[in-house]
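Engineer: Below is the structure I would like to discuss, written out as structure tokens.
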Amino acid sequence: MPARDLMFGVFLPLANGGWIISDTTPKIDGSYRQNREAAVLADALGYDFILSMMKWRGYGGHTNHWGVSLESITMMAALAEATKRARVWCTAHTLLHHPVVIAKMMATLDQISGGRAGLNIVSGAYRGEFEQMGTWRAELDHDRRYDLAREWVEIILRLWKEARVDYKGEFYNITDCVSDPKPVSQPRPTLICAGMSTVGLHYTAKYTDGGFVAGSTEEEIGAVSRRAKEIAAGYNKKIKTFAMYTIVPGATDAEAEARVEKFIAGVDHEAVAGMRASYGLKPDGRETSLVSRARANGFMTSFIAGSAETIRQKVESTIRTADLDGMMLIFPDYDADLRHFGERVLPTLRRNLQGVS
């Protein structure tokens, strides 16, 4: 098998509180200043991409977790000017953003960035955000939201290639629609998705270049990663898979573990309950792995804690075991921790994984 082009990116702190629901973490305020500093540092240290989510409502609690957030595409356009080499990936919601508008916005971002633009497609899930705007489609269950997302992305893909587009679907009807300029990247801006259900994996495999996969263990992550690639092969395609991890570094393993315990001690349980409500889950309802983890310890993703060498070993093991093409990384501190990984872990990691297939 050919060697994989491994990619390591940074999930930017677009919203206050970051990805640990706690009041004992380093301050993340969701400001442009903090995001710009993190993006410029990541770019300088050789991270491959920077990505921002899209949030419209926080989870409450005394931390007001994710109650302050920037708008993803606008911010990434600014950061495209502030960075030189890292790919700039933003997020859009198919339930909220019209595909013709997104097609032009992404072509604009692609031109600003010199062909570094990418789009993370989200088909739904954050119910509380959309209900406040009257855009939640209660008649559309999980799989039906992907039916809408298929039409959404098909329109965008055609507008990026064709001079005029007619499209008559169940959810969208456009007539003699034009969208110029076209993107400058070839063949088009990068598309990614995080769907892990069967329908979500098929959507990712058919329409995008890669997806984010998760699990409780390396083996679980690997099962989803390999399944995604098998489905893509059925569409005569290859896709990349990335895992999302929070990195908690320390001078020693004990120091890093002490940081984790400190963060857990400050869990904002009211905000965790607010997050569950946003997903439409009752206290005894079915939980996603993300919600279950956050209720237990405040971490909204899997995390790796330890010294630089311990982190390097664990990341390398996960990449190999789970058949991943890279990771999207989150940090409690987007200055010191991001720098620690970029300077003390990433170079050795790249050397050790060079040529992995």
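The values are calculated or read from the model by the stated rules, or taken from the named source; none is laboratory data. Quick caveat, the model's predicted, so the values are computed rather than measured. Cβ: placed from backbone, ideal geometry, glycine included. Neighbour counts: every protein chain shown. Quick note on the areas: whole protein, heavy atoms, side chains included, nothing else; ligands and nucleic acids left out. Shrake-Rupley method; radii C 1.70, N 1.55, O 1.52, S 1.80 Å.
Engineer: How large is the direction-averaged shadow of the alpha-carbon convex hull of the stretch 1-114, in nm²?
Structural biologist: Hull-based average projected area comes out at 9.1 nm².
Engineer: Taking the alpha-carbon distance from Lys27 and a cut-off under 28 Å, which lysines remain once sequence neighbours fewer than 8 residues away in the same chain are dropped?
Structural biologist: Counting by Cα, and skipping residues close in sequence, Lys27 has these lysines nearby: Lys55, Lys84, Lys262, Lys314.
Engineer: Sticking with this one: I'd like the distance separating the alpha-carbon centroids of the stretch 54-100 and the stretch 222-269, in whole Å.
Structural biologist: Rounded to whole Å, the Cα centres lie 21 Å apart.
Engineer: Taking 8 Å as the Cα distance limit and 6 or more residues as the minimum spacing, I'd like the relative contact order of the chain as a percentage.
Structural biologist: Over the chain, the number comes to 22 percent.
Engineer: Right, something else. Looking at (i) 48; (ii) 22; (iii) 32, which value of percent of Cα pairs over 34 Å apart comes from a calculation on the structure shown?
Structural biologist: So the structure-derived entry is (ii).
Engineer: Tell me what the chain gives for mean residue ellipticity at 222 nm when only DSSP H runs of n ≥ 4 count, each as -39,500 (n - 2.57), the sum divided by the residue total, rounded to 500 deg cm²/dmol.
Structural biologist: Computed mean residue ellipticity for the chain: -13000 deg cm²/dmol.
Engineer: About the Cα centre, and with charges only on the beta carbon of Lys, Arg (+1) and Asp, Glu (-1), how big is the dipole of the stretch 217-261? Nearest 20 debye, please.
Structural biologist: Dipole size: approximately 660 debye.
Engineer: Summarise the accessible area of the stretch 303-357 (1.4 Å probe, protein heavy atoms) by the percent that is carbon and sulfur.
Structural biologist: So the carbon and sulfur contribution to the accessible surface is 40 percent.
Engineer: At q = 0.09, 0.12, 0.17 Å⁻¹, work out log10 I(q)/I(0) for the stretch 165-285 with the Debye formula, treating every Cα as an identical point scatterer and leaving solvent out; two decimals please.
Structural biologist: Reported log10 I(q)/I(0), two decimals: -0.48, -0.77, -1.08.
Engineer: If you don't mind, there's one more thing I want to ask. Mind checking which lysines have their C-alpha under 25 Å from Lys237, skipping anything on the same chain fewer than 8 residues away?
Structural biologist: Cα-Cα hits under 25 Å: Lys161, Lys182, Lys206, Lys229.
Engineer: In addition: Check Met328: other-chain or 5+ apart residues with amide H under 5 Å from its amide H, H built from backbone geometry?
Structural biologist: Sorted by chain and number, the residues that satisfy this are Gly9, Ala243, Met244, Tyr245.
Engineer: Another one. Name the long-range amide H neighbours of Phe299: under 5 Å, sequence gap of 5 or more, or other chain; modelled H, no Pro or chain starts.
Structural biologist: Answer set, sorted by chain and number: Ile21.
Engineer: What is the dipole size for the chain, taken about its Cα centre, with +1 at each Lys and Arg Cβ and -1 at each Asp and Glu Cβ, in debye to the nearest 20?
Structural biologist: 760
Engineer: With each pseudo-label sitting 7 Å past Cα toward Cβ, what's the Ala163-Arg33 distance in nm, one decimal?
Structural biologist: 5.1
Engineer: I would also like to ask the following. Computing the accessible area with a 1.4 Å probe over protein heavy atoms, can you report the carbon and sulfur percentage for the stretch 142-252?
Structural biologist: The C+S portion of the solvent-accessible surface of the stretch 142-252 is 51 percent.
Engineer: Another question, if that's okay. Could you check how many percent of all C-alpha pairs in the stretch 41-196 are farther apart than 25 Å?
Structural biologist: 35
Engineer: Also, I was wondering about something else. Compute the relative contact order of the stretch 1-86 as a whole-number percentage, counting only Cα pairs closer than 8 Å that sit 6 or more residues apart in sequence.
Structural biologist: 36
Engineer: Further question: For the stretch 138-196, what are Rg and Dmax over the alpha carbons, in angstrom?
Structural biologist: 13.3, 38
Engineer: Filter the trypsin sites (Lys or Arg not before Pro) in the stretch 149-248 down to the DSSP loop ones having no more than 14 other Cβ atoms within 10 Å, then list what survives.
Structural biologist: Answer in residue order: Lys161, Arg164, Lys237, Lys238.
Engineer: Over the chain, with the other protein chains present, what is the accessible area per residue in square angstrom, probe 1.4 angstrom?
Structural biologist: 42
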